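Note sheet for the following structure.
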């Protein structure tokens, strides 16, 4: 039996050979560690056993080395990267990996004589009838015991296993909670992104409905004035309705409800809309028709005209609204009975004075 030396924390320092202490060389890292690790694993997987075989949890699974053989860990104790979860302890000695990073294995050929000796001993016990009648299995406990040849401690006591199990359960639940929170965050980001995309889609749909490119040449080498004008109107409309659409989406309204709300917001009608821009004012004597102005000063000037005064005297009134595209809409509508009654009261009051 080798004479190993450890520090106060049970970390392996080296071994005594012929009465002299020999310090343990550093464990390999990176590609060198991988090469040694998997060469040692394959040596164990392929080592001949006359009456024995590897336990099922140590055999390759779908052409991949068993995590139990390599790291002494079950799959749930591994990270997605294929490496052990540092928050979870191995209950089975740490596998061949521990032979290297915690023990003294530095070259694969150092494993061969130890493995041969161990398997031969198990074969001898089988022949003596100590291991049953049908054969024996090289289990994770054998893997752990073999690790003693490289300075590792033997299999854990039941008390140590219980402590490790509790620590692993706690680490597992924590990892599951973190994964659940991460999924929830991702889902929230996706929902917010989808809502943002929908808001933009609704805005663009409304812009296309109010200001279509129908009949406008968009394939020429240069952009037509009509196209540029329509683009400008879309930009103005987009700026005007973005907040309203966003609020409506957040309130749970569907696209048609939002479209109806935008239409009612400024009382813009689809019928005939998008025709000749700034066409001649409609006949002001027809109740319900509209006139369009580009500047408030034009409205003030019109209100002071004889034509406007005639309309007011003929029991018509004006409804003025600022439209999405920056124009002013003046609708000529008939006065209601309430309007006439209110004017009558004002006239009476004026006559009394």
1/(1 + (r/R0)^6) with r = Cβ-Cβ of residue 59 and residue 83, R0 = 25 Å, i.e. FRET efficiency to nearest 0.05, evaluates to 0.75
Ranked output for segments 234-243, 207-216 by mean other Cβ atoms within 10 Å, highest leading, reads 234-243, 207-216
For the stretch 3-156, shape from the Cα gyration tensor axes a ≥ b ≥ c, cut at a/c of 1.5 then a/b versus b/c, turns out oblate
As a Kirkwood estimate from alpha-carbon pairs, the stretch 181-266 has a hydrodynamic radius in angstrom of 14.7
Under the 7 Å Cα-to-Cβ spin-label approximation, residue 8 and residue 221 lie apart by a distance in nanometres of 8.8
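Using the Kirkwood radius over C-alpha pairs as Rh, can you work out the diffusion coefficient of the chain via Stokes-Einstein at 20 °C, viscosity 1.002 mPa s, in µm² per second?
Working: Rh = 29.4 Å.
Result for D is 73 µm²/s.
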Tilt, helix 337-352 to longest principal axis of the chain (alpha-carbon atoms), in degrees rounded to tens, equals 50
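Can you tell me, using C-alpha contacts under 8 Å and at least 6 residues apart, the relative contact order of the chain as a whole percent?
Numbers: 350 pairs, mean separation 37.7, N = 353.
Computed over the chain, the figure is 11 percent.
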Taking Cα atoms, the helix 255-266 axis meets the longest principal axis of the chain at an angle in degrees (rounded to 10) of 30
Simple SL model, points at 7 angstrom along Cα→Cβ for residue 112 and residue 302; separation in nm is 10.2
Once residue 38 and residue 194 are pulled to full extension, the length gained, defined as 0.36 nm per residue separation minus their Cα-Cα distance, is 51.5 nm
Residue span residue 253 to residue 49: 0.36 nm per residue of separation minus Cα-Cα distance leaves a gain in nm of 66.2 nm
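Each reported figure results from applying straightforward, stated rules to the coordinates on display, with no laboratory input. Here the structure is a predicted model, which means the values were calculated and not measured. Backbone-built Cβ (ideal geometry, glycine too); neighbour counts: all protein chains shown.
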